[in-house]
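Enquirer: Quick one: structure below, then a few questions.
The values are calculated or read from the model by the stated rules, or taken from the named source; none is laboratory data. These numbers come from a predicted model, not from an experiment. Here the Cβ positions follow ideal geometry from the backbone for every residue, glycine too, while neighbour counts run over all protein chains shown. With ligands, DNA and RNA removed, areas are computed over all heavy atoms of the protein, side chains included. Shrake-Rupley method; radii C 1.70, N 1.55, O 1.52, S 1.80 Å.
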Amino acid sequence: VAGSSAVFTLAGGVDVNRVTAKAPAAMHVALGEGVLPSTRGSRGVAVERLRELLFDAQQYARTKSAYNRNQSRTLAASRLDLEALQPVLRGQLPLWVNVARAADILVLLRLAREFSIRVAVVGGAEAWRVGKELAAANVPVVLDPSENLPSSFDQIYVRDDGPALLARAGVKLAVSPLGNFPSPHRLRQAAGLAVAHGLSWEHGLAAITEVPAEILGLKGRGTLRAGSVADLVVWSGDPLELSSKVEHVFIDGQEQSLKNRQTQLFDRYR
């Protein structure tokens, strides 16, 4: 369990109260090959540890007074960690799970039903194999279409048209660099890759605008309609084409300067 995340807007300068759009926004967990070193190489142990943590968080909420009097058994996490999980158990905060293998995703869906929690699949290299199950459970998938090679045993069945297959199955699909912070500019390129391999253009654009906002519960963001937050970009052409250039950027209705360190260096040494 990595902890919680927040959503920030670029409006408001350095005023933390103005730049915070939603905090917390999600709780993050990992399953699969990446956690095996801490679970003696057992996927079953990883799942049971997560189940025990969620169960103990439930028990803590029911017997908090006894816990505070030191009259309960030892629980799987500290008091503050158990408190942080309460919004997840109440359905107020989604649990974003970094998981790739189809079998592990099915286990996650069973856990979500058992504890009546909201989950999202992050990574999801093999999510296309269980698209019907994900759609039936209304579980969204957040993936990077450029991660299309079987780089581990968790991703043996990854394929280029995975995003298109998920969309056809009715799964809510979002595209993200998945924590690759130096490359946020790759976002539209990643969406374009998915479109190039069968995802509809409308789904590709929604995957980097409307759907992420919906998954995170951000009202008034990700769409262009009356009453929405006025954050938008005007492009010279198709935003999913790398040849298109940014012409205007508006944040909270205010047009932003397009000057940055790269343009300044270009102008200086041109």
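Enquirer: When region 207-253 is examined, which residues are found to be in contact with a helix residue (DSSP H, G or I) (Cβ under 8 Å, 6 or more places away or on another chain), among the basic types (K, R) and within 17 Å of H185 (Cβ to Cβ)?
Expert: Across region 207-253, there are no qualifying residues.
Enquirer: Which of the residues spanning region 145-180 are among the aliphatic types (A, V, I, L, M), part of a loop (DSSP other than H, G, I, E, B) and open to solvent by less than 50 Å² (accessible area, probe 1.4 Å)?
Expert: Residues satisfying the conditions are V158, A169, V171.
Enquirer: Tell me which strands (runs of 3 or more DSSP E) are completely within region 1-118 and hold 1 or more residues being open to solvent by less than 20 Å² (accessible area, probe 1.4 Å) and closer than 30 Å to Q254 by Cβ, or say none if there are none. I'd like the intermediate steps shown before the answer.
Expert: Details: elements: 3-8, 20-30, 95-99.
Output list reads 20-30.
Enquirer: Identify, please: which residue in region 190-242 is free of Cβ contacts under 8 Å to residues at least 40 places away in the same chain, more than 22 Å from S257 (Cα to Cα) and of a type in the set (D, E) and is, among those, surrounded by the fewest Cβ atoms within 10 Å (Cβ to Cβ)?
Expert: In this case the residue turns out to be E202.
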